[in-house]
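Notes follow once the structure below has been shown.
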Amino acid sequence: MKVHQQDLAIDAISIKRAALIVRALNHPFRQKILRLIHEEEALNVTQLQDLLEELQPVVSMHLGLLREAGIVDVLRDGKTRWYSLNYEYLDKVYGSVSRLRKGVS
């Protein structure tokens with residue numbers, strides 16, 4: 001299929017969203033957070049702070065980016081926020097990446 005200039009529509013909002021997702025996933029510390037949440041099913045900031053041996057503001061900042069990207073879900077239980085992976089969304093992201101890889105090859 002040949003794409004003509006008039007057919008090419010670039011959606012800036014979608015591109016910014018995709019960049020946010022890639023940025024959120026492409027960071028070693030956030031990848032550690034995701035692995036830990038996956039292993040435990042749900043964790044709160046204090047538990048992550050202890051497991052990662054990192055300060056609470058640092059962990060919270062990374063969780064905020066993951067939440068903004070839609071990668072983690074938050075469940076509030078009183079004052080505690082429990083973080084879990086949004087597997088349905090991650091499946092969609094990985095499906096999109098897989099299609100892109102096939103298109104590039």
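Sort out which residues of segment 38-56 are assigned to a loop (DSSP other than H, G, I, E, B) and within 20 Å of ASN26 (Cα to Cα), and write them in order of number.
Hit for segment 38-56 is GLU54, nothing else.
Please count how many residues of segment 57-87 are more than 19 Å from SER14 (Cβ to Cβ) and either open to solvent by 70 Å² or more (accessible area, probe 1.4 Å) or in a loop (DSSP other than H, G, I, E, B) (or both).
Residues meeting the conditions: 11.
The values are calculated or read from the model by the stated rules, or taken from the named source; none is laboratory data. Computed from a prediction, not measured in an experiment: that's the story for all the values here. Because the Cβ atoms are built from the backbone with ideal geometry, glycine has one as well, and the counts that use them run over all protein chains shown. Quick note on the areas: whole protein, heavy atoms, side chains included, nothing else; ligands and nucleic acids left out. Shrake-Rupley method; radii C 1.70, N 1.55, O 1.52, S 1.80 Å.
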